[in-house]
Amino acid sequence: AIFRGMGWERHLSQEQSVHDSYRAIKGTDIIPFGIKEIRYVSALTPDTRASTVPPKLRFIQQRPVVVCQRLVSSRTRVVAARLPHNVVPISTLTCLCLPPNSQDFSPFITCVLNSTFISYYVADHVFLHSRLSTSLDKEYLRSLPIPNPQTLDPAIYDSMTILASQLEEIASSKKEIYVQPEKMQQLNDLVFKSYGISSTQGRVLNQKLLIFWNRHRTP
């Protein structure tokens, strides 16, 4: 299931109070593979939460979730992270809710979404063919060509799972993976292999993506 986070923007606060019932994040609070800031939903008390948990939030809480920043015309890089337990995504995030027992799949999908290939695909097949500024909602997220992990070489799948843990550790110190190009290259190499893309083809796609970003860079 794919949908926007909770529409609780007006309840967000930087300060925690005695009545806070939820920790929350919005789009600008995430970086690839991690969270750089936690906010608070301060207008909902524990008693209120117990009696009125929205069905969508209950659905999110029962599943592993990967959250993505909304994609707009000025920012075409896909940014995704696994949603921490007991943290509420706000509506400036798009939620990819996996089946209840698919926790082991979430590191793989997070790697794929943060890869150069997916950003290239979005730029070339979504942005350039969209009449309006795009949003990484269900229409576009469902169109992304995600490899079937059941048909992958197990060694590639296992390597991506291990790498996801390493990148999440980097992100936990609030550092984006782009400051460690060797890790980004390792990520891209594994994702390219999962699509059957050669190293030469991967370099071509990366160059095309850089050209696209330079051409559409916001002044």
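The values are calculated or read from the model by the stated rules, or taken from the named source; none is laboratory data. Computed from a prediction, not measured in an experiment: that's the story for all the values here. Please note: Cβ atoms are built from the backbone with ideal geometry, for glycine as well, and neighbour counts cover all protein chains shown.
So if I check each of Leu141, Leu152, Leu205, Leu167, which one is more than 19 Å from Val67 (Cα to Cα) and touching a residue at least 60 places away in the same chain (Cβ under 8 Å)? Just a single option satisfies the conditions, and that option is Leu205. Selection over segment 21-70 of residues that are outside any strand (DSSP E or B), under 26 Å from Ser173 (Cβ atoms) and modelled with pLDDT under 80 gives a count of 1. Residues in segment 138-166 that are in a helix (DSSP H, G or I) and of a type in the set (Asp, Glu) were compared, and the one that is modelled with the lowest pLDDT is Glu139. Taking the criterion of being modelled with pLDDT under 75 and within 18 Å of the chain's Cα centre (by Cα), would at least one residue in segment 167-175 satisfy it? Checked against the condition, which is being modelled with pLDDT under 75 and within 18 Å of the chain's Cα centre (by Cα), segment 167-175 yields at least one hit.
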